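First comes the structure, then the notes that go with it.
Nothing in this text is a laboratory measurement; each read-out follows from the coordinates by a stated rule. Everything quoted here is computed from the prediction, not taken from an experiment. All Cβ positions, even for glycine, are placed from backbone atoms using ideal geometry, and neighbour counts span all protein chains on display.
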Amino acid sequence: MADLRIFSYQPNPRIWKATIAARLCGVSLEVRGARPRELASWLWDFDARPLTEAERQSPDDTARAARTGFSGSLRKTDAFLTANPFGTVPVAFSPDGRTGIFESNSIMRAVARLAGDAHPLYGADAYTAARVDSFLDVSLVFARDSQIYLLAMNGDGLTAEIHASAEKAFEIYLSGIEQALAPDRHFLVGDEVTLADICFVAEICLFSRERANRERLRDLDLPVISDGAEARFPRAMAHHQRLSALPAFAPDVGPYMAKLEADIARADAG
Ligand SMILES: N[C@@H](CCC(=O)N[C@@H](CS)C(=O)NCC(=O)O)C(=O)O
């Protein structure tokens, strides 16, 4: 049995936080889920699974209105909501299903804690661990604006205000990362990769999705926020590139970014 079971739509850079950490520190994960659209016909539960055709046709008391990133209704069991009160994915569970862990940063922290001393991903002492937390907290603040922006681009709700909030969030987050890597540091905290670096890579990959919406942004006369990021934040973006190529990161980041680049090239050509 795996040390942790994760349920999420896939691919999802938020779950890479856990899968990358798990590769580095030898924790075993079971990841369940399917493409975003398919999750509407799954039972959201510790024992998550596709609904049968009969279950799909007869909505029961597990049907709940979707709130973020999904529309219509989702089928979440009472046990799922007891373990995961905000009802979001990704979610992780202890092997007995009793403890739910929500928020992708916390799922990643769970992986590091399960590893014990196997790898100091969460810092080797209280001060370093707290500094890692500092980066995870600012990452979540950035992720909030980033999520609102990306979801608005997926639908029809993108406004100049949402774009301006995302632009400011990107600027603040990347400026801090740039400063943390000055003058020529190799990692955000200490001398080894930590959860802070892993989270940073996942959030930047997620944000990269904006570039597939260049045309929509152009129609609204709004700039692509991440255009020119390499020139504005050279240390931060080089850090992202360098980490993405490492063996623990590449299996997740490589295929996702390759597909995204192909989507972007197609969108630009059309
Ligand atoms: N900050 C959260 C974001 C999780 C989140 O917002 N998940 C959305 C999908 S993008 C969700 O599960 N929505 C379920 C619903 O609408 O009921 C994390 O990093 O895990």
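Compute the FRET efficiency between residue 141 and residue 60 as 1/(1 + (r/R0)^6), taking r as their Cβ-Cβ distance and R0 = 45 Å, and round to the nearest 0.05. Step by step, r from the Cβ atoms, then E = 0.75. A Förster radius of 35 Å combined with the Cβ-Cβ distance from residue 99 to residue 165 puts the calculated FRET efficiency at roughly 0.55.
Round to a whole angstrom and tell me the spacing of the C-alpha centers of the stretch 171-194 and the stretch 56-119. Their Cα centres are 31 Å away from one another. A crude spin-label estimate for the pair residue 78 and residue 134, with each label 7 Å from Cα along the Cβ direction, gives 4.6 nm. Quotient of the Cα radius of gyration of the chain and 2.2 N^0.38 Å, N being its number of residues: 1.03. The mean sequence distance of close C-alpha pairs (under 8 Å, at least 6 residues apart), as a share of the length of the chain, puts its relative contact order at 19 percent. Annotation for residue 118 and residue 175: the two label points, set 7 Å from Cα along the Cα-Cβ direction, are 4.0 nm apart. Which of rounded, prolate, oblate describes the stretch 126-269, given a ≥ b ≥ c as roots of the alpha-carbon gyration tensor eigenvalues and a/c under 1.5 marking rounded, otherwise prolate only if a/b is larger than b/c? Prolate is the answer for the stretch 126-269, as a/c is 1.5 or above and a/b outweighs b/c.
Of all segments of the chain bounded by trypsin sites (Lys or Arg not before Pro) found in a DSSP loop with no more than 15 other C-beta atoms within 10 Å, the longest spans 99-184.
Rounded to the nearest 20, the Cβ-based charge dipole of the chain about its Cα centre (Lys and Arg +1, Asp and Glu -1) stands at 300 debye.
What residue among 200, 241, 180 has its Cα farthest toward the positive end of the dipole of the stretch 126-269, where the charges are +1 on Lys, Arg and -1 on Asp, Glu, each on the Cβ? So the residue furthest toward the plus end is 241.
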